[in-house]
Amino acid sequence: MDYYLSFNNNEERLRLPVIPSSFEVSIPHQNTTVNITNLGEINLIGKTGLATMTIESFFPNQQYSFCLYNDFPQPYDCIKMLLKWKDSGKPIRVIVTETPINYAMAIESITYSEIDGTGDVYFILELKEYKFIKASNVTTTTTANGTTLKVSETKRETKPIPSEYVVKKGDTLWGIAKKVTGEGSNYKVIAKKNNIKNPDLLKVGQRLVI
């Protein structure tokens, strides 16, 4: 399992060097309870709300045997990166391999601290789902008193699946499949299309047909 945080369509990317001991995702539903005479309370089922996620881990100041990779950034370089992303006004992409988690999310808060004198920096990251919307068209309508109003209709922006992907440092075939198709299990299809016998042997700069 790997945790990937990326910013501005993968322009900047951070792979957590230490797997969090746990994570928590909450997906609310906008239900409404109303009281009707002679019936009592009834529950009106609404739409799904925005998912929230909490990640707790630490950025190591030295190499430990349980670190996922070498040459990871210094702890406060990671913190500065997260703070910059938070202050940018843009969402980040959060992917946890081997799970369904692949969300665009806003950084709600960052809490960080040193607690044991090692220089390791512990952090808590609070995230909330971000949904992309755009104005698709504008229509006009005329009211009874002759006033003309412009009404904008919005829809969620969906991105087409690219036909090609260039492998970047830290990429896994499962993560690529999850990112570009929405389903990590599609890595088998991508492997077959590109005659990849060992999905773990990807090369940076390699072009994959999706």
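Values computed for the structure shown
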| quantity | calculated |
| --- | --- |
| Qualifying residue in segment 3-11 (condition: open to solvent by 80 Å² or more (accessible area, probe 1.4 Å), farther than 24 Å from Asn186 by Cα and of a type in the set (S, T, N, Q)) | no |
| Meets criteria (within 19 Å of Glu129 (Cβ to Cβ), in contact with a Leu (Cβ under 7 Å, 6 or more places away or on another chain) and of a type in the set (Val, Ile, Thr)) for Ile27 | no |
| Count - residues of segment 55-68 that are under 17 Å from Ser22 (Cα atoms) and either modelled with pLDDT of 95 or more or open to solvent by less than 50 Å² (accessible area, probe 1.4 Å) (or both) | 5 |
| Cross-chain or 6+ apart pairs with Cβ under 7 Å, segment 101-122 first and within 12 Å of Ile55 (Cβ to Cβ) and among the small types (Gly, Ala, Ser), then part of a strand (DSSP E or B) and modelled with pLDDT under 95 | Ser109/Glu126 |
| Residues within segment 175-210 that are loosely packed, with under 14 Cβ neighbours inside 10 Å and hydrophobic (A, V, I, L, M, F, W, C), tallied | 4 |
| Selection within segment 20-38 - closer than 16 Å to Val94 by Cβ, in a loop (DSSP other than H, G, I, E, B) and open to solvent by less than 70 Å² (accessible area, probe 1.4 Å) | Pro20 |
| Some residue of segment 178-193 being at positive phi and either in a strand (DSSP E or B) or modelled with pLDDT of 90 or more (or both) | no |
| Scan of segment 39-54 for residues that are at pLDDT 75 or above, open to solvent by 90 Å² or more (accessible area, probe 1.4 Å), of a type outside the set (Lys, Arg) and assigned to a loop (DSSP other than H, G, I, E, B), ordered by number | Ile45 |
| Strands (runs of 3 or more DSSP E) within segment 69-174 that include 2 or more residues modelled with pLDDT of 85 or more and buried (at least 16 other Cβ atoms within 10 Å of the Cβ) | 92-96, 102-113, 121-129 |
| All positions within segment 87-108 that are of a type in the set (Gly, Ala, Ser) and in contact with a Lys or Arg (Cβ under 8 Å, 6 or more places away or on another chain) | Ala104, Ala106 |
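The values are calculated or read from the model by the stated rules, or taken from the named source; none is laboratory data. Just so it is clear, the model here is predicted, and its values are computed rather than measured. With ideal geometry, Cβ positions are generated from the backbone for all residues, glycine too; neighbour counts draw on all protein chains shown. Heavy atoms of the whole protein, side chains included, go into the accessibility calculation; ligands, DNA and RNA do not. Shrake-Rupley method; radii C 1.70, N 1.55, O 1.52, S 1.80 Å.
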